[in-house]
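A.B. asks: Shown below is the structure under consideration.
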Amino acid sequence: MTLDGAIYTGEFRIYYEDTDAGGVVYHANYIKFMERARSDWLRSLGFDQHELLADDVQFVVHSLDIQFLQPARLDDCIQVTVNTPALSPCAISFQQCVYRGSEPLATANVKVACLSYSQKRVRKIPMDIRMALVKEGSEQ
């Protein structure tokens, strides 16, 4: 299932641990859900996190701009989209949205930088990853 023409949609259940005392999702947890959706999407393209680290590749969030529209609540089932990424030599920019059904709950622009895991310095995105991302975007 995808929403808004997204290239990937992850589904997650809201558990008690995700909420505050009032049963509303704590704001920082939206970022965790978005991270999980991006990681699951990369995995669906054949890029496992352990293998990336073994190949000296690490993706880290460089910047994040998020808007909270409606609260998610205990026991909700939410969908988190990953939209076609914009690539630069060393970074990937995403638009992501969190939905409950068709209702948008939060939207974000996320820029992820590619680092050398061993040196903790910016590096170019490896060609096999770039090619998979370009192919994924062109299929939409």
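A.B. asks: Among the residues of region 114-129, which ones are of a type outside the set (D, E, K, R) and out of contact with any Cys (no Cβ under 7 Å at 6 or more places or on another chain)?
C.D. replies: Passing the criteria: Leu115, Ser116, Tyr117, Ser118, Gln119, Pro126, Met127, Ile129.
A.B. asks: Hey, another quick one. Does region 28-48 include one or more residues that are under 13 Å from the mean Cα position of the chain (by Cα) and assigned to a strand (DSSP E or B)?
C.D. replies: There is no residue in region 28-48 that is under 13 Å from the mean Cα position of the chain (by Cα) and assigned to a strand (DSSP E or B).
A.B. asks: A further question on this structure: Do we have Ile125 as within 14 Å of the chain's Cα centre (by Cα) and either open to solvent by 80 Å² or more (accessible area, probe 1.4 Å) or not small (Gly, Ala, Ser) (or both) here? Walk me through it before giving the result.
C.D. replies: On the way: within 14 Å of the chain's Cα centre (by Cα): no; either open to solvent by 80 Å² or more (accessible area, probe 1.4 Å) or not small (Gly, Ala, Ser) (or both): yes.
So Ile125 fails the test.
A.B. asks: For a quick check of your reading of the model, give me the residue pairs whose first member lies in region 88-105 and is more than 21 Å from Ser63 (Cα to Cα), whose second is open to solvent by less than 60 Å² (accessible area, probe 1.4 Å) and of a type in the set (Ser, Thr, Tyr), with beta-carbon atoms closer than 8 Å and at least 6 apart or on different chains.
C.D. replies: Tyr99/Thr81
Residues are listed down the side, and each one gets a yes or a no for (1) open to solvent by less than 20 Å² (accessible area, probe 1.4 Å); (2) touching a helix residue (DSSP H, G or I) at 6+ places or on another chain (Cβ under 8 Å); (3) modelled with pLDDT under 95; (4) not small (Gly, Ala, Ser):
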site: Thr81; (1), (2), (3), (4): yes, yes, no, yes
site: Pro89; (1), (2), (3), (4): no, no, no, yes
site: Cys97; (1), (2), (3), (4): yes, no, no, yes
site: Glu103; (1), (2), (3), (4): no, no, no, yes
site: Leu115; (1), (2), (3), (4): no, no, no, yes
site: Ser118; (1), (2), (3), (4): no, no, no, no
site: Arg121; (1), (2), (3), (4): no, no, no, yes
site: Arg130; (1), (2), (3), (4): no, no, yes, yes
site: Glu136; (1), (2), (3), (4): no, no, yes, yes
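A.B. asks: Give me the residue from region 16-51 that is touching a residue at least 40 places away in the same chain (Cβ under 8 Å) and loosely packed, with under 12 Cβ neighbours inside 10 Å and, out of that set, nearest to Cys114 (Cα to Cα).
C.D. replies: Among those that are touching a residue at least 40 places away in the same chain (Cβ under 8 Å) and loosely packed, with under 12 Cβ neighbours inside 10 Å, it is Gly46.
A.B. asks: Sort out which residues of region 1-15 are closer than 30 Å to Lys120 by Cα and either hydrophobic (A, V, I, L, M, F, W, C) or open to solvent by 40 Å² or more (accessible area, probe 1.4 Å) (or both), and write them in order of number.
C.D. replies: Answer for region 1-15, where residues must be closer than 30 Å to Lys120 by Cα and either hydrophobic (A, V, I, L, M, F, W, C) or open to solvent by 40 Å² or more (accessible area, probe 1.4 Å) (or both): Ile7, Tyr8.
A.B. asks: Do you know which residues across region 66-79 are part of a strand (DSSP E or B) and open to solvent by less than 80 Å² (accessible area, probe 1.4 Å)?
C.D. replies: Ile66, Gln67, Cys77, Ile78, Gln79
A.B. asks: Can you tell me which condition Val57 does not meet? The list is (1) surrounded by 16 or more Cβ atoms within 10 Å (Cβ to Cβ); (2) closer than 19 Å to Gly10 by Cβ, and all the others hold.
C.D. replies: (2)
The values are calculated or read from the model by the stated rules, or taken from the named source; none is laboratory data. It should be emphasised that the depicted structure is a prediction, and the values quoted were computed from it without experimental measurement. Heads up, the Cβs are rebuilt from the backbone with ideal geometry, glycines too, and the neighbour counts pull from every protein chain shown. SASA here: full protein model, heavy atoms, side chains in, ligands and nucleic acids out. Shrake-Rupley method; radii C 1.70, N 1.55, O 1.52, S 1.80 Å.
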